[in-house]
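Visitor: The structure under discussion is supplied below as structure tokens; questions concerning it will follow.
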Amino acid sequence: MTLALSDKKARLISELRDEGIKDEGILSALAAIPREEFIPKVLRSQAYENAALPINSGQTISQPFVVAFMTEALGISKNHKILEVGTGSGYQSVVLAKLCRRLFTIERHLPLLNGAAQMFKKLNIFNVTTLFGNGMKGWPEQAPFDRIMVTAASEEIPDLLLQQLKVGGIMVIPIGPQGKTQHIIRITRRGDEFVEENLMPVKFVPLLPGIVHES
Ligand code: SAH
């Protein structure tokens with residue numbers, strides 16, 4: 001029997017709960033967002049599988065568990081100003097935008113950024129500002145940020161991003177070489193000190209320099 005998307009979604013949310021996601025705000029956000037609209041039409045039936053899926057420009061929309069886990073690790077409050085590097089489909093952006101005051105999101109592939117911006121409009125999300133650029137440099141004009149989330153893997157923690165984190169701020173980023181196991185790292189800024197925690201092994205597309213105008 002083929003399950004309706006709404007049933008698959010309910011099943012996914014309970015799976016995320018079983019896998020240890022506890023934050024009801026995050027689970028409600030995932031339950032409210034139509035993931036099927038962020039992926040290519042042909043993959044629609046797979047929208048609520050707990051898996052990463054291909055999007056345009058050779059990129060991927062992260063696995064729902066990883067989206068929920070990274071969001072939970074960030075410890076967001078409604079008054080936070082957040083920077084996201086790697087807008088991609090815009091799915092993770094919408095999760096963040098629903099939980100914070102203002103989201104600034106940067107993407108290096110213009111077609112992806114345009115698609116994501118359309119989705120924000122369609123879903124009546126008005127607290128997101130987008131930038132076409134290299135997010136490794138952060139967004140100095142808008143810094144400092146309460147929280148920073150990077151959704152592409154870097155070999156090293158980008159120093160410019162650390163500098164744009166408020167004291168007491170938190171950054172979550174996948175770190176490690178391409179093709180090998182990377183890890184989600186959580187960095188907390190205490191004064192001028194940065195405390196690192198290794199949270200989970202993952203596999204992400206790479207954080208790359210430069211910008212791409214066409215898909
Ligand atoms: N959060 C996204 C995941 C997208 S995959 C989603 O929910 O769909 C990671 C994204 O990071 C890709 O779109 C890739 O183009 C982007 N990216 C990689 N390096 C980047 C950089 N230096 N600046 C901005 N975006 C970058």
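Visitor: Under a Cβ-Cβ cut-off of 12 Å, what is the net charge of the residues other than Gly88 that fall near it, where Lys and Arg count +1 and Asp and Glu count -1? Walk me through the numbers before you get to the answer.
Guide: On the way: positive: Arg108; negative: Glu84, Glu107.
Value of the local net charge: -1.
Visitor: Name the residue, out of Leu103, Leu83, Leu160, whose mean-square fluctuation peaks in a Gaussian network model built on the chain with Cα pairs under 10 Å.
Guide: Checking each option, the largest mean-square fluctuation is seen for Leu160.
Visitor: Further, regarding this structure: Among Ser28, Ser89, Ser154, which one moves the most in a GNM of the chain with springs linking Cα atoms closer than 10 Å?
Guide: Ser28
Visitor: Moving on. List the chymotrypsin sites (Phe, Trp or Tyr not before Pro) within segment 96-184 that DSSP assigns to loop and that have no more than 15 neighbouring Cβ atoms inside 10 Å. Could the numbers behind the result be given before it?
Guide: Values: sites: Phe104, Phe120, Phe126, Phe132, Phe145; in loops: Phe126.
Answer by residue number: Phe126.
Visitor: Once fully extended, how much extra length lies between Val42 and Leu162, figured as 0.36 nm per residue of separation less the alpha-carbon to alpha-carbon distance? Don't skip to the answer; put the middle values down first.
Guide: Numbers: separation 120, 0.36 × 120 = 43.20 nm, distance 3.91 nm.
Contour length minus Cα-Cα distance gives 39.3 nm.
Visitor: If you don't mind, there's one more thing I want to ask. What translational diffusion coefficient, to the nearest whole µm²/s, does the chain have by Stokes-Einstein, given a Kirkwood radius computed over alpha-carbon pairs, a temperature of 25 °C and 0.890 mPa s viscosity? Mind dumping the intermediate values first?
Guide: On the way: Rh = 17.3 Å.
Answer from the Stokes-Einstein relation: 142 µm²/s.
Visitor: Express in whole angstrom the spacing between the alpha-carbon centres of segment 166-215 and segment 87-127.
Guide: If we compute the Cα centre of each part, the gap is 19 Å.
Visitor: Using 1/(1 + (r/R0)^6) with R0 = 41 angstrom and r between the beta carbons of Thr2 and Asn114, what's the FRET efficiency to the nearest 0.05?
Guide: Working: r = 33 Å, r/R0 = 0.80.
E between Thr2 and Asn114, to the nearest 0.05, is 0.80.
Visitor: Moving on to the next point. Relative to the present Cα-Cα distance, how much length would full extension add between Asn79 and Glu193 at 0.36 nm per residue of separation?
Guide: Working: separation 114, 0.36 × 114 = 41.04 nm, distance 2.37 nm.
Taking Asn79 through Glu193 to full extension adds about 38.7 nm, to one decimal.
Visitor: For the chain, take the longest principal axis of its alpha carbons; what is the angle in degrees between that and the long axis of helix 5-18, to the nearest 10 within 0 to 90?
Guide: It works out to around 50 degrees.
Visitor: Would you mind checking which residues have amide H under 5 Å from Val212's amide H? H placed 1.01 Å from N; only 5 or more apart, or other chain.
Guide: For Val212, the qualifying residues are His109, Leu110.
Visitor: With 10 angstrom as the radius, rank His213, His109, His80 by how many other C-beta atoms surround their C-beta, starting from the fewest. Mind showing how you got there, number by number?
Guide: Values: His213 8, His109 24, His80 20.
Least to most surrounded, the residues fall as His213, His80, His109.
Visitor: Can you list which of the trypsin sites (Lys or Arg not before Pro) found in segment 173-215 are DSSP loop residues with at most 14 other C-beta atoms within 10 Å?
Guide: Of the trypsin sites (Lys or Arg not before Pro), the ones in loops of segment 173-215 whose Cβ has at most 14 other Cβ atoms within 10 Å are Lys180.
Visitor: Once phi is turned into θ = phi - 60°, what whole-Hz ³J(HN,Hα) does the Karplus curve with 6.51, -1.76 and 1.60 give for every residue of segment 182-194, x standing for Gly and Pro?
Guide: Computed from phi, the couplings for segment 182-194 are 10, 10, 6, 10, 10, 10, 10, 8, 10, x, 9, 9, 10 Hz.
Visitor: Here's another thing I want to ask about it. Evaluate 2.2 N^0.38 Å with N set to the residue count of segment 1-111, then give the Cα radius of gyration divided by it. List each step's numbers first, then the result.
Guide: Numbers: Rg = 13.8 Å, N = 111, 2.2 N^0.38 = 13.2 Å.
Normalised by 2.2 N^0.38 Å, the Cα Rg of segment 1-111 equals 1.05.
Since every read-out is calculated from the coordinates, none of them should be taken as a lab result. Source: prediction; values computed, not measured. Virtual Cβ from ideal backbone geometry, glycine too; neighbours counted across all protein chains shown.
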